[in-house]
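Below you'll find the structure, written out as structure tokens, and then a few comments.
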Amino acid sequence: MALSGPDAIDQAITAGLDLDGSPLPTPMLELYREVMAKENARPRSGVTKSMRNRIVRSGAKHYDQAELDARLKAAGWEGLKAKEIAFFYGD
């Protein structure tokens, strides 16, 4: 499967295939779908909070700590929290 971008994983899961084209094990798919159904039913607290969480989670893969912190602040969010720094940038 030649997929990229933020929806690649979702597309692969929907197809039941890993990105290399191999089938995903049925028990893994079933558990994933069960957990996602519960997650989809959970009330949300707000779009900006969710946006920030996604930015931190993905941004930590692409930016060093100082740059991500500065970019968050420049965009109007609070900077990285100590627990985020420890989780995404700790050893």
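Give the long-range amide H neighbours of LEU17: residues separated by 5 or more places, or on another chain, with amide H under 5 Å away, using H modelled in the peptide plane at 1.01 Å from N.
LEU24
With θ set to phi - 60° and the Karplus curve 6.51 cos²θ - 1.76 cosθ + 1.60, what are the ³J(HN,Hα) couplings of the stretch 55-67 in order, to the nearest whole Hz, using x for Gly and Pro?
With coefficients 6.51, -1.76 and 1.60, one gets 4, 5, 4, 7, x, 5, 7, 10, 10, 6, 4, 5, 5 Hz.
Can you tell me which lysines have their Cα less than 25 Å from the Cα of LYS38? Leave out same-chain residues fewer than eight positions away.
List returned: LYS49.
Projected area of the stretch 47-89, taken from the Cα convex hull and averaged over every viewing direction, in nm²?
Dividing the Cα hull surface by four gives the mean projection, 2.6 nm².
Tell me, in nm to one decimal, what length is gained between GLN11 and ALA70 on full extension, where the rule is 0.36 nm per residue of separation less the Cα-Cα distance?
Length difference between fully extended and current span is 18.0 nm.
Here, each number is a calculation from the coordinates, and none is a lab measurement. Please read these numbers as outputs of a predicted model, since none were measured by experiment.
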